[in-house]
Every structure is written in C-alpha cells, then in structure tokens.
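The values are calculated or read from the model by the stated rules, or taken from the named source; none is laboratory data. For clarity, every value in this text was computed on a predicted model and none was experimentally measured. With ideal geometry, Cβ positions are generated from the backbone for all residues, glycine too; neighbour counts draw on all protein chains shown. We work out accessible area using only protein heavy atoms, side chains counted, and drop any ligands, DNA or RNA first. Shrake-Rupley method; radii C 1.70, N 1.55, O 1.52, S 1.80 Å.
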Amino acid sequence: MQIQISGQHIQVTPALRERVEQQIGRFERLFDNITALDVVLSVDKAEHKAGGTLHCSGTRLHADGLARQQDGTISDRMYAAIDEMITKLADQLKKHKEKLKDHHNAEVREAREAI
C-alpha cells in the first residue's frame, strides 16, 4: 500500500507520520485490496484537520477528522483529528466490505437456478 502524507500550514513531523502509519494497520486487517492512502493534515486558526482518501478496489473512501481548540491541549489536537479520521475510514471500509460480500447461501442459489 502506498502512503502519501502531506501538510497544509504544518510540517509533517516524524511523530505525525508514525502515528498515521501505526493507525493504518487496522485497514490491512479489514480489507486486502487497498492500493493507496492519501492523508492531508492542515491547521487553521483553532482547528486541526486530518483528511484521508483510501483507494481500494472498486471505490475511493474519504473521511475528515476535526479537532477544535476546546477539545484538548495543543499537542493532542492533531493526534485526535488523525484518530477520528482513521476511525471514520475504518467504519466506511467495513461497510464497503459488507456490500461486496455475497450474503446468499450457495444452496439457495442452486435451488433458485433449478426452478
């Protein structure tokens, strides 16, 4: 899986890069056909944002994580935004996997074909 991490108005530190790479281990356990992940970290006045696009077979999934000034200390806000983004992407990936899964029993399909 290719991982591209970029920043707007923020320098992507090795700690932020490590946090993203550590959290994406969840995706590899959920789904096999993931090709790339693009993450954009940005800082506005009182908001820290993390946006991610997950490229997998058949679709692209996008989610944003947002942490505001009142949510915690300055150092924890970007990590909170990254965690929120990863959680949202994981939920979307689970839903996408369910849609791809064949829920019909093979015996029922064979019986329908016989009729």
The chain - share of DSSP beta bridges that are antiparallel (%, nearest 5): 75
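Assign unit charges at the C-beta atoms only (+1 for Lys and Arg, -1 for Asp and Glu), then state the dipole size of the chain relative to its Cα centre in Debye, rounded to the nearest 20.
140
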Estimated FRET transfer efficiency when R0 is 41 angstrom, pair Glu47-Asn105 (beta carbons, to 0.05): 0.25
Reach of Lys97 by Cα under 16 Å, taken over lysines that are not fewer than 8 positions away in the same chain: Lys88
Modelled FRET efficiency - R0 25 Å, Lys95 with His55, Cβ distances, 0.05 increments: 0.95
Fraction of accessible area attributable to carbon and sulfur, the chain (%, probe 1.4 Å): 46
Probe 1.4 Å, accessible area per residue of the stretch 2-114, Å²: 65
Stretchable slack from Ile115 to Arg29, in nm (0.36 nm times residue separation minus alpha-carbon distance): 27.0 nm
Computed over the chain, the ratio Rg/Rh where both radii use C-alpha atoms and Rh is Kirkwood: 1.17
